[in-house]
1. Hey, what did the chain get for relative contact order, percent, Cα under 8 Å, at least 6 apart?
2. Distance from the Cα centre of the stretch 113-151 to that of the stretch 31-54, in angstrom?
3. Tell me the label-point distance for the pair Arg131, Val99, using the 7 Å Cα-to-Cβ offset, in nm and rounded to one decimal.
4. Mind sorting His108, His19 by how few other Cβ atoms lie within 10 Å of their own Cβ, fewest first?
5. Give the angle, between 0 and 90 degrees and rounded to the nearest 10, that separates the Cα long axis of helix 22-34 from the longest principal axis of the Cα atoms of the chain.
6. Short version: ³J(HN,Hα) in whole Hz for each residue of the stretch 113-118, in order, from phi by Karplus 6.51 cos²θ - 1.76 cosθ + 1.60 (θ = phi - 60°), x for Gly and Pro, what are they?
7. Could you tell me what % of all Cα pairs in the stretch 82-151 have separations over 15 Å?
8. Quick one: length gained pulling Asn7 to Arg119 fully straight, 0.36 nm per residue minus the C-alpha distance?
Amino acid sequence: MPRTQANWPPKKLVFASDHAGFPLKKPLLDWAVENGYEVLDLGADDSQSVDYPDFADLLAKYLNENPDTTGVLVCGTGIGISIAANRHPHIRAALCHDVTTSRLCKEHNDANVLVLGSRTVGLETGLDCLRAFLGASFGGGRHEGRVAKLG
Ligand code: RB5
């Protein structure tokens, strides 16, 4: 995929979570639908225990085939699912806890996946993070070469 995402700001969002992330993913997804985004949910669909790497892998596969899409991943802390997602070379998944990191992960790092932890970030902060990420743009310039070195 190109280093700087085509079709940004994004229109298409793909979400995935494990069982622990489901309670935050659901309202984020509802917000995205209400705000006119084309949305796909790859699961999990409830709070029944599942393994977060499986959902990170599903989302990574989808983004590889649909590079004009932007990802949102949620697990309990966001840690496991971001580690799993970043094992895929076309993924730059940023685990964020606030508006500033959510904005800067796009401006500086050109992240193509926002990651949140449902046990560490409440609904209001989670929504603020999603809005900040979607509203930011990659800065280019000095950041281009650095992002290129990520592979
Ligand atoms: C699931 O209990 C939890 O370990 C998972 O959602 C995540 O927090 C792992 O990093």
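Only the coordinates and a few stated rules stand behind these numbers; no lab work does. What you see is a predicted model; the values in this text were computed from it and never measured. A quick note on method: Cβ atoms are made from the backbone with ideal geometry, for glycine too, and the neighbour counts reach across all protein chains shown.
1. Rounded, it is 26 percent for the chain.
2. 18 Å
3. Spacing of the two 7 Å Cα→Cβ label points: 0.8 nm.
4. In increasing order of surrounding Cβ atoms, one gets His108, His19.
5. Between the helix axis and the principal axis of the chain, the angle is about 60 degrees.
6. For the stretch 113-118, the Karplus-derived couplings read 9, 8, 10, 10, x, 6 Hz, x marking Gly and Pro.
7. For the stretch 82-151, the share of Cα pairs beyond 15 Å comes to 51 percent.
8. Between Asn7 and Arg119, full extension yields 37.2 nm more.
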